[in-house]
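Scroll down for the structure; my scribbles are underneath it.
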Amino acid sequence: MNYVIGDSHVSIFSGQDGLNLPDLLPNFRTHNISARLAYNFGKNDHPVTIAVDKALKDIPVGSPVIFSFGEIDCRCHVWKHVAGNLDAVVDDIASRYTKRLGQYMAKGFDVYALLPHAIKYKPDGDIESAAGTWAQITAASKLFNWTMEKWNQDRCISLFDWTYDYEVYLRSEYYLDDTHLSQMCLPYMLAEVQNRGLEI
């Protein structure tokens, strides 16, 4: 059994279009702990840490756990804090995130990170809850993913290259809304999971 804990992007693994719906895929159990940031992941007594630790109590040690954080950071927060140094802002987020991931690995969980994909392109630029343009958000996501893959490429699950290189971001049918992927992306996501050695 694979467990997926994180923001609403865990919904891709529910097996149906929508957020907070029952899990239909036999080998996946999702835990949507709300719109939380990778930046805050692991802060003691922070709601995201409390929610993650609570979910992990019901998961057998040794199980694969896919964490989904970072997309909200890249879309809503990075460009509020950039003062000429995008690298420093993104590196700070990723280092906070990976430090806690390492702690969960030390406890015996088989940890993976679901990385941000390219969000849907909107010609009018009016992206829900966004700070920055589509190009800026995409640049932040690309840098965040690259930084995460430097941490441990084998433990990162990503559809960024597929959604970006093949201009999937221009095709509305692959999205539920501005940011969430639809079930049309599920076969590609499952292939990435399988490529990491996990059963689907």
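The values are calculated or read from the model by the stated rules, or taken from the named source; none is laboratory data. Everything quoted here is computed from the prediction, not taken from an experiment. Neighbour counts are summed over all protein chains in view; Cβ atoms, including those assigned to glycine, are modelled from backbone coordinates with ideal geometry.
Which number in (1) surrounded by fewer than 21 Cβ atoms within 10 Å (Cβ to Cβ); (2) modelled with pLDDT under 95; (3) in a helix (DSSP H, G or I) marks the one condition that residue 121 misses?
(3)
Out of 7, 45, which single residue is over 20 Å from residue 145 (Cα atoms) and charged (D, E, K, R)? Steps first, please.
Details: 7 fails: over 20 Å from residue 145 (Cα atoms).
Exactly one of 7, 45 is over 20 Å from residue 145 (Cα atoms) and charged (D, E, K, R), namely 45.
Residue 61 versus (1) in a loop (DSSP other than H, G, I, E, B); (2) in contact (Cβ under 8 Å) with a residue 60 or more places away in the chain; (3) not polar (S, T, N, Q): which is the lone unmet condition?
(2) is the only condition that residue 61 fails.
Each row is one residue, and each column tells you yes or no for (1) touching a Gly at 6+ places or on another chain (Cβ under 8 Å); (2) part of a helix (DSSP H, G or I); (3) among the polar types (S, T, N, Q).
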{"site": "38", "(1), (2), (3)": "yes, no, no"}
{"site": "41", "(1), (2), (3)": "no, no, no"}
{"site": "49", "(1), (2), (3)": "yes, yes, yes"}
{"site": "55", "(1), (2), (3)": "no, yes, no"}
{"site": "72", "(1), (2), (3)": "no, yes, no"}
{"site": "76", "(1), (2), (3)": "no, yes, no"}
{"site": "87", "(1), (2), (3)": "no, yes, no"}
{"site": "90", "(1), (2), (3)": "no, yes, no"}
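So, residue 130, is that one surrounded by 17 or more Cβ atoms within 10 Å (Cβ to Cβ) and within 25 Å of residue 50 (Cβ to Cβ) or not? Give the derivation first.
Numbers: surrounded by 17 or more Cβ atoms within 10 Å (Cβ to Cβ): yes; within 25 Å of residue 50 (Cβ to Cβ): no.
Against the criterion (surrounded by 17 or more Cβ atoms within 10 Å (Cβ to Cβ) and within 25 Å of residue 50 (Cβ to Cβ)), residue 130 does not qualify.
Residues that are part of a helix (DSSP H, G or I) and either over 20 Å from residue 39 (Cα atoms) or of a type outside the set (S, T, N, Q) (or both): does the stretch 125-132 have at least one?
No, there is no match, as no residue in the stretch 125-132 is part of a helix (DSSP H, G or I) and either over 20 Å from residue 39 (Cα atoms) or of a type outside the set (S, T, N, Q) (or both).
Pairs under 6 Å by beta carbon, first residue of a type in the set (Gly, Ala, Ser) in the stretch 1-22, partner at pLDDT 95 or above and part of a loop (DSSP other than H, G, I, E, B), six or more apart or different chains?
6/69; 14/23; 15/24; 15/25
(1) crowded, with 22+ Cβ neighbours inside 10 Å; (2) touching a residue at least 60 places away in the same chain (Cβ under 8 Å): which one isn't true of residue 103, the others all being true?
Exception for residue 103: condition (1).
How about the stretch 1-32: which of its residues are small (Gly, Ala, Ser) and surrounded by 14 or more Cβ atoms within 10 Å (Cβ to Cβ)?
The initial filter retains those residues of the stretch 1-32 that are small (Gly, Ala, Ser), namely 6, 8, 11, 14-15, 18.
Across the stretch 1-32, the qualifying residues are 6, 8, 11, 14, 15.
Just to be sure before I move on: is residue 181 within 22 Å of residue 27 (Cβ to Cβ) and modelled with pLDDT of 95 or more in the structure I sent? Break it down into steps so the answer makes sense when it comes.
On the way: within 22 Å of residue 27 (Cβ to Cβ): yes; modelled with pLDDT of 95 or more: yes.
Answer is yes for this residue.
Residues of the stretch 133-145 being surrounded by fewer than 18 Cβ atoms within 10 Å (Cβ to Cβ) and in contact with a Lys or Arg (Cβ under 7 Å, 6 or more places away or on another chain), which ones?
none
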